[in-house]
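Notes follow once the structure below has been shown.
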Amino acid sequence: MTESISRLRNTVQAYLDEKPLWSDGTLAPASPMTSMQQRIWWLSVAGKFFEGLVVFMTGVALPLIAKEFGLSAAQHGMVGAASLFGILIGASALGGLCDRFGRKPMFIVEMALFVVFLVLILFTQNFAWLVACLFGMGLALGCDYPTAHLVISENMPSRSRGTLVLAAFGFQAAGALVGTAVGYVVLNADPSLPAWRWMYGTAIIPAGLVLLGRFFVTESPHWLAIKNRHREAEMELKRLLDRKPPYPNEVTLADPRGGAKAAACRGRLCGSVQPAQSACHHTRIRSLVPSGPRHLRHRYFHAHDSGGDRRP
């Protein structure tokens, strides 16, 4: 063989799905989610929570709103549908913006818009202003709908991705219950007409905290890799997978532009191998130092497995 083959570099998903091995080659229990992955999931499901909160809170506040502004039957229906129509438009027409501008920027902008309209609705003076604020909140939450699902899907291991995405939907119901409960508590404390404003006001501080938290999450390594920003993708992936004990110690992503050349090299390398062993085994072996607590002392090395010969 006249041409040496460099170490095979992994994809983003390969690192996300990576599992540790003990020194004898047996598979260790799957590692838990990192703190960054947990933060991303909770901040993603917050959008679902606020969606249920706003829709059901509007239902509780609607009788007071109708009496304060003297709404007709048609206007009554427009108030009830404004946030839902905004969610529809945001999810269908604006959800793709995260493909253009990135997951994290849109993740932040969507929640910022939601907070702005929450504040504005407290100072509503007329019907048009009210409908615009409700529509704006729905637009922001609808735009957040696909973004949050992408953020979850692109930062979680394959084995748990489906479960975590489906679990996020449960927070819509949680938000609906909390929104109804908040409306009931506010009405009991203050049964006056302006009380409906305080219902929306109770969501400002939680939404502000979610907005602040979204500034400190990682950008999607998948999106960065697709945009050929490989160095940034490697840095964000290391932040995403930061854990103790640390693994992987090194992150090196494959460059899609070199895929054809790498495939050709692998073909030349494997051409003389029997069909049963026709794959090139560039295996990332993660072993633990034999001495000392097994869950505290890690070391990593790469081995090339050819015909059963495994060398560090």
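The values are calculated or read from the model by the stated rules, or taken from the named source; none is laboratory data. Treat the numbers as computed from the prediction; the structure is a model and nothing was measured. Here Cβ is always computed from backbone atoms with ideal geometry, including for glycine, and neighbour counts include all displayed protein chains.
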Filter the stretch 178-189 for residues that are surrounded by 13 or more Cβ atoms within 10 Å (Cβ to Cβ) and in contact with a helix residue (DSSP H, G or I) (Cβ under 8 Å, 6 or more places away or on another chain) and give the result.
Val178, Gly179, Thr180, Val182, Gly183, Val186, Leu187
Residues being on the phi > 0 side of the Ramachandran plot and buried (at least 21 other Cβ atoms within 10 Å of the Cβ) - total across the stretch 45-95:
0
Condition set more than 30 Å from Val210 (Cα to Cα) and not small (Gly, Ala, Ser), scope the stretch 12-56, selection modelled with the highest pLDDT: answer is Lys19
Tell me, please, whether a residue that is touching a helix residue (DSSP H, G or I) at 6+ places or on another chain (Cβ under 9 Å), of a type outside the set (S, T, N, Q) and within 23 Å of His149 (Cβ to Cβ) can be found in the stretch 62-85.
yes
Within the stretch 77-86, can one find any residue that is assigned by TED's automatic domain parsing to the domain that holds Pro221, more than 24 Å from Thr202 (Cα to Cα) and of a type in the set (Ser, Thr, Tyr)?
no
Filtering the stretch 92-109 down to residues that are farther than 12 Å from Leu150 by Cβ and either in contact with a Gly (Cβ under 8 Å, 6 or more places away or on another chain) or not in a helix (DSSP H, G or I) (or both) yields Ser92, Leu94
Considering only the stretch 193-249, how many residues are touching a His at 6+ places or on another chain (Cβ under 9 Å) and either assigned to a helix (DSSP H, G or I) or without any contact (Cβ under 8 Å) to a residue 60 or more places away in the chain (or both)?
5
Within the stretch 155-167, restricting to residues that are in contact (Cβ under 8 Å) with a residue 60 or more places away in the chain and surrounded by fewer than 21 Cβ atoms within 10 Å (Cβ to Cβ), the one that is farthest from Gly86 (Cα to Cα) is Arg159
Let me confirm something: among Ala112, Ala148, which residue is surrounded by fewer than 21 Cβ atoms within 10 Å (Cβ to Cβ), among the aliphatic types (A, V, I, L, M) and at pLDDT 90 or above?
Ala112
